[in-house]
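Chemist: The structure is given below, and queries will be raised subsequently.
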Amino acid sequence: MPIDHDRLFKELLTIFFTDFIALFRPELHTWLAPDSVVFLDKEIFTDILDGDRHEADLVATVRCKGEAACFLVHIETQAKRQPDFARRMFKYFARLHEKHGLPVYPIAVLSYDTPSTPEPDRYSVAFPTGRCWRSASVPCN
């Protein structure tokens with residue numbers, strides 16, 4: 001029987017969530033309250049145009065240290081390069097923000113070896129006039 005690497009990776013991220021944040025996003029770790037982390041049930045989104053269902057890998061509600069304010073941390077794991085990955089991250093960002101009404105801190109964990117080219121860390125929409133307006137400033141890593 002094949003090993004479900006995706007499920008195991010999500011389980012590890014859940015167990016070691018605050019350690020992962022401390023190691024890979026230390027600036028985020030400085031202002032989150034580690035004892036406040038609550039993982040949300042599956043966040044499923046349906047693409048109304050093609051009917052496909054997409055599930056966010058890991059979403060947690062976190063409180064800011066010493067405050068009542070909360071935000072979401074969304075971690076998406078990616079084992080293979082996907083051409084539209086930045087767009088997918090933006091869609092998840094927008095849908096999570098719309099559904100929960102909270103700021104979203106997105107993190108992408110890219111675990112593939114090749115191709116070893118940098119992934120975009122922003123998603124933008126270009127218009128035919130040559131001018132580009134950013135639809136959102138969404139970090140993807």
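Chemist: For Lys10, go through the lysines and keep the ones whose alpha-carbon is under 19 Å away, minus same-chain ones fewer than eight residues off.
Modeler: Filter leaves Lys42, Lys80.
Chemist: Another question, if that's okay. Sort 98-107, 6-15 by the packing proxy (mean of other Cβ within 10 Å over each peptide's residues), most packed first.
Modeler: Answer by packing, highest mean first, reads 98-107, 6-15.
Chemist: Can you list the aspartates and glutamates whose alpha carbon sits under 13 Å from that of Lys91, skipping same-chain ones fewer than 8 residues off?
Modeler: Glu43, Asp47, Glu55, Glu76
Chemist: Right, another one. On a full-extension model of 0.36 nm per residue, what is the gain between Ile44 and Leu8, subtracting their alpha-carbon distance, rounded to one decimal in nm?
Modeler: That pair, Ile44 and Leu8, stretches by 11.0 nm at full extension.
Chemist: What FRET efficiency comes out for the pair Asp121/His29, r = Cβ-Cβ distance, R0 = 25 Å, nearest 0.05?
Modeler: Efficiency, rounded to the nearest 0.05: 0.80.
Chemist: How do the peptides 26-35, 87-96, 68-77 rank, highest first, by the average count of neighbouring beta carbon atoms within 10 Å per residue?
Modeler: For the peptides 26-35, 87-96, 68-77, the packing ranking is 87-96, 68-77, 26-35.
Chemist: To the nearest 20 debye, what is the magnitude of the charge dipole of region 1-78 about its Cα centre, counting +1 on the Cβ of each Lys and Arg and -1 on the Cβ of each Asp and Glu?
Modeler: Roughly 340 debye for region 1-78.
Chemist: With the crude spin-label approximation of a point 7 Å out along Cα→Cβ, what separation in nm comes out for Ala69 versus Gln82?
Modeler: Each label point lies 7 Å from its Cα, and together they span 3.0 nm.
Values in this text are rule-based calculations from the coordinates and carry no lab data. A quick note: this is a predicted structure, and the numbers were derived from the prediction, not measured. Don't worry about glycine lacking a Cβ; one is built from the backbone with ideal geometry, like all the others, and counts go over all protein chains shown.
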